[in-house]
1. Is it the case that some residue within region 368-379 is open to solvent by less than 40 Å² (accessible area, probe 1.4 Å) and in a helix (DSSP H, G or I)?
2. Consider Arg366 carefully, then state whether it is more than 30 Å from Val203 (Cα to Cα) and not hydroxyl-bearing (Ser, Thr, Tyr).
3. Quick check on region 222-270: of everything there that is closer than 19 Å to Asn356 by Cβ and of a type in the set (Gly, Ala, Ser), which residue is nearest to the chain's Cα centre (by Cα)?
4. Would you pick out the residues in region 356-367 that are closer than 16 Å to Val400 by Cα and either touching a helix residue (DSSP H, G or I) at 6+ places or on another chain (Cβ under 8 Å) or open to solvent by less than 10 Å² (accessible area, probe 1.4 Å) (or both)?
5. Please work out which residue is surrounded by the fewest Cβ atoms within 10 Å (Cβ to Cβ), limiting yourself to region 432-465 and to residues that are within 20 Å of the chain's Cα centre (by Cα) and of a type in the set (A, V, I, L, M, F, W, C).
6. Which one of the conditions (1) open to solvent by 30 Å² or more (accessible area, probe 1.4 Å); (2) in contact with a Phe, Trp or Tyr (Cβ under 7 Å, 6 or more places away or on another chain) does Arg502 fail to meet, given that it meets all the rest?
7. Determine if region 61-74 includes at least one residue that is open to solvent by 40 Å² or more (accessible area, probe 1.4 Å), at pLDDT below 75, out of contact with any strand residue (DSSP E or B) (no Cβ under 6 Å at 6 or more places or on another chain) and closer than 30 Å to Leu115 by Cα.
8. What number goes with the only condition from (1) within 29 Å of Gln14 (Cβ to Cβ); (2) part of a helix (DSSP H, G or I); (3) touching a residue at least 24 places away in the same chain (Cβ under 8 Å); (4) out of contact with any Pro (no Cβ under 8 Å at 6 or more places or on another chain) that Met83 does not pass?
Amino acid sequence: MRNTRKRLGDLLVQSGLISEEQLQQALKDKNESQKLGDVLLQRGFITEQQLIEVLEFQLGIPHVSLFRYPIDASLTSLIPREMARRYQLIALRKEGDRLYVAMADPMDFYAIEDLRLRTGFQIEPAIASKDEILRAINKFYDLDDGVQEFLDETPEIQEEKITNEDAPVVKLVNQILQNAVQQRASDIHIDPHETKVILRYRVDGVLRTERTLPRSMQSVLTARIKIMANLDITESRIPQDGRIKVSLEAHHIDLRVSTLPTLYGEKIVMRVLDLSSSLNNLKQLGFNKVNFERFKKLIQQPTGIVLITGPTGSGKSSTLYAALNHLNSEDVNIITVEDPVEYQLEGINQIQVNTNVGMTFAKGLRAILRQDPNIIMVGEIRDRETADVAVRASLTGHLVLSTLHTNDSLGTITRLIDMGVEPFLVASSLSGVVAQRLVRRVCRDCGQLQEPTVREKEIFGKRGITISKVNRGQGCGTCNMTGYKGRVAIHELLVLDNEMRRMIMNRESYSSLREVAIKNGTIFLIDDGLLKVKQGITTTEEILRVTIAE
């Protein structure tokens, strides 16, 4: 690509995909070993699909979508897995003395020459996206190899080799984890059934079956994961929780492991925390302009409680950590008490809850108050005791950040009072509440503007929003034919004013509080969601999946 660098940039400018300023910035940021295309992708100036189309036009090399391509699986024997991974390529088919190969970079002449010498075929390159190639390598090389090796061994040998790094079961578990990271999965589910074991990944909040494994693999697979998580492998009748830390291809991955005894054996769920991709910037959280300013103002107050609410997996931790990161400076003492500590933050004192030795949230919080903190973060308010200490901490001159499981921002007030916190304490300590959900983003590569349906116009009309076009993904190889790639948060931010505090003290109804919230210009979850649909970020179906249309 080196000799066509300038032409690639010019073509992208001519086709209106990037501006001259963006091209100059990318050329300035690029180091010697980097390709211009990669820099533009990293900066988010273009999508991989747009780059592929320009290369296809410029070089005359065909583009293939591997999603439903009938790849000849027998050709995997021609190209070793390491080589396929290193050069990011996969063999598609052979015709006579020609081998057709899909490559992420069809201008990598070293790779083409290396391949020609190794296979003895003339190489015919085609362009495919990096994600699709990695997915194909995982599908045709990795897991199948591991499963086959595993099945070739006797049960006695399998049991013996659970801790041997070269054992098939060890390779298999590593491949399962690697695939999950590559597909950006948030959870891995290993579900035992009567005759099989199903492996599922949750990608962008939706579970999908990755593959089915033979039932005979279940016990050794479970034992291997338990050993990695320091769990008791002899105990299978009670649930267990553990943690695994691994490094996969320079990615530091933290896994929270949970086992649950079911009718057909132990179900294992692993929550994947990719430490290198954690959001540490408030601007990346998807707040709209109004909410962004309100949230910044809330967390910059010296005292009070700010709560982040929503169901499990709604991105509460990411928002909390981004807020802490924003507040983190040398002149403040920030202490957190969490269960478990998900992301380690530089310059912040983090405490791990350990109920086995009596180290609870409430106990940790009391100890923190004697450590002269400015800002306290409590992982979750689960009971009255923790809520009481958090309230008292906020009333004695501390900013307290925490999470709570409620459906919306106003429900938080009711929940705290139900927990046994006095209404006058809720009114005087609570500064604001952020309710949030995660929705899937429309894939940038296959999103197309369409006319909204009659039902959509009705929904938008009810909320006083006009809509002329909606963006929908058609499904492509980049997004695994789902039409969505990545997620974005929608928020509802409630800021308590004097009128609302008076109403809370008088124990006024939920509907009265809601009227005041509307009067104060609160943007509710559904409104923020529909505004993001209007901007072409997500779809109405996604918003209705996570919010309630009134």
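The values are calculated or read from the model by the stated rules, or taken from the named source; none is laboratory data. Quantities reported herein were computed from a predicted structural model and do not represent experimental measurements. Cβ placement follows ideal geometry from the backbone for every residue including glycine, while neighbour counts extend to all protein chains displayed. The area values use the complete protein model at the heavy-atom level, side chains included, leaving out ligands, DNA and RNA. Shrake-Rupley method; radii C 1.70, N 1.55, O 1.52, S 1.80 Å.
1. Residues of region 368-379 open to solvent by less than 40 Å² (accessible area, probe 1.4 Å): 368, 373, 375-379.
Narrowing further to those that are in a helix (DSSP H, G or I): 368.
Looking for residues that are open to solvent by less than 40 Å² (accessible area, probe 1.4 Å) and in a helix (DSSP H, G or I), one finds at least one in region 368-379, hence yes.
2. Against the criterion (more than 30 Å from Val203 (Cα to Cα) and not hydroxyl-bearing (Ser, Thr, Tyr)), Arg366 qualifies.
3. Applying the filter and picking the extreme gives Ser258.
4. Start the filter on region 356-367 by keeping residues that are closer than 16 Å to Val400 by Cα, which leaves 361-367.
Listed by number, the residues that qualify are Phe361, Ala362, Gly364, Leu365, Arg366.
5. Restricting attention to region 432-465, the residues satisfying the condition of being within 20 Å of the chain's Cα centre (by Cα) are 434-445.
Cutting the leftovers down to of a type in the set (A, V, I, L, M, F, W, C) gives us 434-435, 438-439, 442-443.
Working: Val434: 29, Ala435: 27, Leu438: 22, Val439: 25, Val442: 26, Cys443: 24.
Once the filter is applied, the top-ranked residue is Leu438.
6. Answer for Arg502: the failing condition is (2).
7. Within region 61-74, the subset open to solvent by 40 Å² or more (accessible area, probe 1.4 Å) is 62-63, 65, 67-70, 72-74.
This time we only want the ones that are at pLDDT below 75, so: 67-68.
When the remaining residues are screened for being out of contact with any strand residue (DSSP E or B) (no Cβ under 6 Å at 6 or more places or on another chain), the result is 67-68.
Going one step further and asking which of them are closer than 30 Å to Leu115 by Cα, we end up with 67-68.
Within region 61-74, one or more residues are open to solvent by 40 Å² or more (accessible area, probe 1.4 Å), at pLDDT below 75, out of contact with any strand residue (DSSP E or B) (no Cβ under 6 Å at 6 or more places or on another chain) and closer than 30 Å to Leu115 by Cα.
8. The single condition Met83 does not satisfy is (1).
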